[in-house]
Amino acid sequence: IRDKLVTGVQTCALPICPCTISFSLESETVQGLKIPNNAIVEKSLLKIPLDCLTESGGNQGVLLVNGENSKFIATTIISSDDSYAYLAQSDQTLKLGDVILQGTGENAGQYTVAEVETMPGVYVANSSMAKFVPITILEQNQEYAIVRSNSSYGLQVYDTIVSDAKNITEGQSIY
């Protein structure tokens, strides 16, 4: 490296390195919430048609068929789309193989819970308990993901997430 003084300005001549640098320019802008990749986990959720859901006593749930009788089981809806609700699996509530009522009144039929959907998400720690929240990843690199914010069941601005969620379970005490 050689330094010269030219009219009061110091310049530096750097040797040219015979190496190749690859880069790309992206013109698309993505807006969302930036979260670390190690906060993202996948969870298996039960997939049931929306017309299987019913309400009783202010709680949403399903009617579990047991022979001639049916029993209301409160469920936790993790996410939904136009046709289906995605519910947490639990031995205390609903599991694969259970038969539930679909529809109401005379048109009610039986539906066997048989589908599972795996969804990416994060554990939110807004209270002292971990709660799984599904996310929609818009863009991702090796360290971070940009996810959609303010969806009805999704991540919200100012939510506190568990940054290393590999060993966290639903309802686990965080503090």
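Every residue in segment 83-95 that is modelled with pLDDT of 90 or more and surrounded by fewer than 17 Cβ atoms within 10 Å (Cβ to Cβ), please.
Hit for segment 83-95 is 83, nothing else.
Condition first: in a loop (DSSP other than H, G, I, E, B) and either open to solvent by less than 70 Å² (accessible area, probe 1.4 Å) or modelled with pLDDT of 90 or more (or both). Now tell me which residues in segment 126-139 satisfy that.
Once the filter is applied, which keeps residues that are in a loop (DSSP other than H, G, I, E, B) and either open to solvent by less than 70 Å² (accessible area, probe 1.4 Å) or modelled with pLDDT of 90 or more (or both), segment 126-139 yields 127, 128, 130, 135, 136.
Is at least one residue of segment 97-112 in contact with a helix residue (DSSP H, G or I) (Cβ under 9 Å, 6 or more places away or on another chain), within 23 Å of residue 173 (Cβ to Cβ) and either of a type outside the set (Ser, Thr, Tyr) or at pLDDT below 90 (or both)?
no
So, in segment 110-125, how many residues would count as being more than 29 Å from residue 29 (Cα to Cα) and either open to solvent by 70 Å² or more (accessible area, probe 1.4 Å) or not in a loop (DSSP other than H, G, I, E, B) (or both)?
The qualifying residues number 7.
Suppose the filter is surrounded by fewer than 18 Cβ atoms within 10 Å (Cβ to Cβ), of a type outside the set (Phe, Trp, Tyr) and touching a Ser or Thr at 6+ places or on another chain (Cβ under 7 Å); does residue 50 pass it?
The answer is yes for residue 50.
The values are calculated or read from the model by the stated rules, or taken from the named source; none is laboratory data. Bear in mind the structure is a predicted one, so any value in this text is a computation, not a measurement. Here the Cβ is made from the backbone with ideal geometry for all residues, glycine too, and neighbour counts use every protein chain on show. Remember, those area values only see protein heavy atoms, side chains included, never the ligands or the DNA or RNA. Shrake-Rupley method; radii C 1.70, N 1.55, O 1.52, S 1.80 Å.
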